[in-house]
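The values are calculated or read from the model by the stated rules, or taken from the named source; none is laboratory data. These numbers come from a predicted model, not from an experiment. When we count neighbours, we look across all protein chains shown, and the Cβ atoms used for this are built from the backbone with ideal geometry, even at glycine. Heads up: the accessible areas ignore ligands, DNA and RNA and are worked out on the full protein's heavy atoms, side chains in. Shrake-Rupley method; radii C 1.70, N 1.55, O 1.52, S 1.80 Å.
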Amino acid sequence: MFPKNTWYVACTPDEIDDKPLGRTVCNETIVFFRGEGGKVAAVEDFCPHRGAPLSLGFVRDGQLVCGYHGLEMGADGKCSGMPGQRVRGFPSLRAYPVEERHGFIWVWPGDAERADPAEIPELHWADDPSWAYGGGLYHVNCGYRLMIDNLMDLTHETYVHASSIGQPEIEEAAPDTQVNGNEVTTSRHMENIPAPPFWQAALRGNDLADDVPVDRWQICRFTPPSHVMIEVGVAHAGKGGYDAPDAFKAASIVVDFITPETETSIWYFWGMARHFKPEDQALTDKIREGQGKIFAEDLEMLEAQQRNLLAYPERQLLKLNIDGGGVQARRIIERLIAEEQDATAVEKAS
């Protein structure tokens, strides 16, 4: 159902600052914690003594301590001690490759020997002081591909987000979908249109007039396994649109890391990287609040969609030209899954 030999966002650093965190990623139950020297670690969330979740325990001196009987576990998955007991001969737990980078904790749920930190995507905005970032996390009861479909076809904004970012001009502008290797890009450019409420507020936040026509753009980029970055923005009409000078536009990147939990549930890490007034924390908080409300509107629709699909598994869904981005993304995902399965079959045969 999902590629495993790849990096997924598992959590944010603040989630493991004061206690272990149990989280399921691609059907793997994992506990994340800070081991020796504060380095992030990830092992199976299963105490080999009596099967209790290790995430219900605590960290002491860099060791993960089970909250049931006190068995201690190291970042390598090996039992390191237990009061009054000899446990160093216990079988080791599975330890997962894990990295802390760009303000996120990344995990590799597949073959540990294939994990290469160089494959973690570069996020140019994450460490650049000319950008500001604010985001959050939602747990959503839908398959990860449904969320990718949603983000690669923004026509739904006209209906689901009518009071914030939606407007009829979106569906009137034909999307352009391109595939370059494992990247899928779907773009829309709209000229000389009114700015919807969210973007009116963004223009005001950048000290720009909000009551004049604008040129608007949406450039959705999918990369495996399930990341979608969307360049969005508005510029005063006639100033160059996407290429307008910063003095005439409000531009951002909508950040979407979609991490499968199970076949029908996800961890959705959302946010917005902003390239104007990065020092204004109040503006960051305001945009994050508004964006959070927008995404919450998606959740109701996606969860209802997933329930319908489970209730009617025999139904075939129709495809339109607006679905091109999601369709191409699914083809890439299916190819990567097939390649993993073929490689596993070859290894077993040898």
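Couplings 3J(HN,Hα) for segment 146-151, derived from phi with the Karplus relation 6.51 cos²θ - 1.76 cosθ + 1.60 (θ = phi - 60°), are 5, 5, 4, 3, 4, 7 Hz, where x marks Gly and Pro. Stokes-Einstein D for segment 263-350 at 37 °C, 0.692 mPa s, Kirkwood Rh over Cα pairs, in µm²/s? Using the Kirkwood radius from Cα pairs, D works out to 189 µm²/s. Derived scalar couplings between HN and Hα for segment 152-158 equal 8, 10, 8, 4, 5, 4, 4 Hz in order, rounded to whole Hz, by the Karplus curve 6.51 cos²θ - 1.76 cosθ + 1.60 (θ = phi - 60°), x for Gly and Pro. Of the trypsin sites (Lys or Arg not before Pro) in segment 252-350, the ones in a loop by DSSP (not H, G, I, E or B) with at most 13 other beta carbons within 10 Å are R315, K319. Each part reduced to its alpha carbon centroid, segment 121-163 and segment 7-48 end up 23 Å apart. Just to be sure I understand the curve: with the Debye formula and one point per C-alpha of segment 65-193, what is log10 I(q)/I(0) at q = 0.15, 0.17, 0.23 Å⁻¹? For segment 65-193, the Cα-only Debye profile gives -1.05, -1.20, -1.35.
Pairs of Lys residues in the chain that lie 8 or more places apart, or on two chains, and have C-alpha atoms under 25 angstrom apart add up to 13.
Applying the Karplus relation 6.51 cos²θ - 1.76 cosθ + 1.60 with θ = phi - 60° to segment 111-122 yields 3J(HN,Hα) values of 5, 4, 5, 9, 5, 10, x, 5, 7, 5, x, 7 Hz, where x marks Gly and Pro. Spin-label pair V346-E15: with each label point 7 Å from Cα along the Cα-Cβ axis, the two points sit 3.4 nm from one another.
Computed on the chain, with alpha-carbon pairs under 8 angstrom and 6+ residues apart, the relative contact order is 18 percent.
Over segment 262-350, accessible surface divided per residue gives 62 Å², non-protein components excluded, 1.4 Å probe.
Just want to confirm a number: the relative contact order over segment 59-155, from Cα pairs under 8 angstrom separated by 6+ residues, in percent.
12 percent
Can you pull the percent of Cα pairs in segment 1-147 with separation above 22 Å? Counting every Cα pair in segment 1-147, those more than 22 Å apart make up 43 percent. Please check: in the Gaussian network model of the chain (C-alpha springs, under 10 Å), which one of A162, A202, A42 has the largest mean-square fluctuation. In this elastic network of the chain, the residue with the biggest mean-square fluctuation among A162, A202, A42 is A162. Label separation (D176 vs R88): 6.5 nm, computed from points 7 Å beyond Cα along the C-beta direction.
Solvent-free Debye calculation, one equal scatterer per alpha-carbon of segment 133-189: log10 I(q)/I(0) at 0.31 Å⁻¹ equals -1.16.
Counting only protein heavy atoms and a 1.4 Å probe, segment 45-84 has 49 square angstrom of accessible area per residue.
Once backbone amide H atoms are built at 1.01 Å from N, T24 has I30 as its partners under 5 Å, excluding neighbours fewer than 5 places away on the same chain. Adding -39500 (n - 2.57) for every DSSP H run of four residues or longer, then dividing by how many residues the chain holds, sets the calculated 222 nm ellipticity at -7500 deg cm²/dmol.
Restriction of the trypsin sites (Lys or Arg not before Pro) in segment 210-254 to DSSP coil positions whose beta-carbon has at most 15 other beta-carbons within 10 angstrom yields K239.
Between the beta carbons of L317 and V212, assuming R0 = 51 Å, the FRET efficiency works out to 0.80 to the nearest 0.05. For segment 1-51, compute Rh as the Kirkwood radius over C-alpha pairs and then the Stokes-Einstein diffusion coefficient at 10 °C and 1.306 mPa s; write the answer in µm²/s, rounded to an integer. D = 132 µm²/s. Computed extension gain for A296 through K277, at 0.36 nm per residue and net of the alpha carbon distance, reaches 4.3 nm.
Any idea what angle helix 324-349 forms with the longest principal axis of the chain, computed on alpha-carbon atoms, 0 to 90 degrees, nearest 10? Taking Cα atoms only, the helix is inclined about 20 degrees.
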